[in-house]
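The values are calculated or read from the model by the stated rules, or taken from the named source; none is laboratory data. No experiment lies behind these values; they were computed from the predicted model shown. All Cβ positions, glycine included, derive from the backbone under ideal geometry; neighbour counts span all protein chains shown. Protein only, heavy atoms only, side chains kept; ligands, DNA and RNA dropped before computing areas. Shrake-Rupley method; radii C 1.70, N 1.55, O 1.52, S 1.80 Å.
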Amino acid sequence: MEKRCNRGGPISTEPRINDRIRVPEVRLVGPSGEQVGIVPLAKALELAQEYDLDLVEVAATARPPVCKLMDYGKFKYESAMKAREARKNQAHTVIKEMKLRPKIDPHDYDTKKGHVVRFLKQGDKVKITIMFRGREQSRPELGFRLLQRLADDVQDLGFVESSAKQDGRNMIMVLGPHKKKTEAMAEARAIADARKAERQGRTPGSVADDTEDDIEADEALDQAEDVEGDETEGDEAVEAPAAEVEQPAETAQDA
């Protein structure tokens with residue numbers, strides 16, 4: 001059997017430049033955006049060589065195609081930087097999940113509440129799940145009281161977006177942040193930049209200068225860049241199902 005040879009490669013998304021342009025004439029745009037008009041391809045290439053620039057096809061479907069004189073390397077670099085800045089400022093819709101037991105220990109409750117506070121400060125929603133086991137299912141009021149207590153404790157940072165409701169063996173409530181994700185990211189970057197500038201003014205190698213505020217600033221910078229948070233002892237990361245989730249959700253399961 002004859003082997004079939006696929007000579008076609010991947011379709012390039014890069015515009016055609018210089019000698020790769022295969023048309024008899026083009027509508028030429030000058031380096032400053034001025035309209036030169038319809039000129040033969042040879043004339044356009046001659047002008048590009050005269051200006052020490054590239055002839056770039058910017059509208060291939062036009063008749064004749066539109067080409068512009070530009071520094072293509074500089075154009076690609078600036079486009080990449082703009083795309084990087086856009087991704088940096090992009091806010092992802094994230095739902096964190098925190099699981100608790102109805103008869104949770106006070107110390108464990110404080111730890112879980114700390115996680116919820118941190119999530120809300122980051123501008124993320126938090127799904128609170130109360131897990132009932134065995135005879136605990138006959139005492140749903142325990143779950144209601146626990147969820148209400150948690151909502152009251154974090155009311156300065158978030159609000160109850162979805163009231164507590166029973167879902168099989170679990171009881172679920174969703175907390176929404178007062179602060180938008182973009183605002184939280186901007187604030188975290190500002191804090192991190194201020195701490196970084198402060199550290200640069202200190203004596204190099206001074207370990208004692210690393211205060212708790214500096215550590216918090218570094219953590220805030222990591223959060224602003226969508227870096228996963230540190231894992232806490234006895235906690236396990238679990239993905240929260242949600243239609244708008246674009247990142248894996250972080251869940252601390254009760255030990």
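Ligands, DNA and RNA are left out, and with a 1.4 angstrom probe the accessible area of region 23-106 is 62 Å² per residue. Modelled spin labels at HIS107 and GLN49, positioned 7 Å past Cα toward Cβ, are 8.1 nm from each other. In loop segments of region 52-128 as defined by DSSP, the trypsin sites (Lys or Arg not before Pro) with at most 11 further C-beta atoms inside 10 Å of their C-beta are LYS103. For ASP71, the residues whose modelled amide H falls within less than 5 Å of its own, excluding neighbours fewer than 5 places apart on the same chain, are ASP54.
Inter-label distance, ARG149 to ARG63: 7.6 nm, where each label sits 7 Å from its Cα along the C-beta direction.
Applying the criteria of a DSSP loop state and at most 11 other Cβ atoms within 10 Å to the GluC sites (Glu not before Pro) of region 32-80 yields GLU34.
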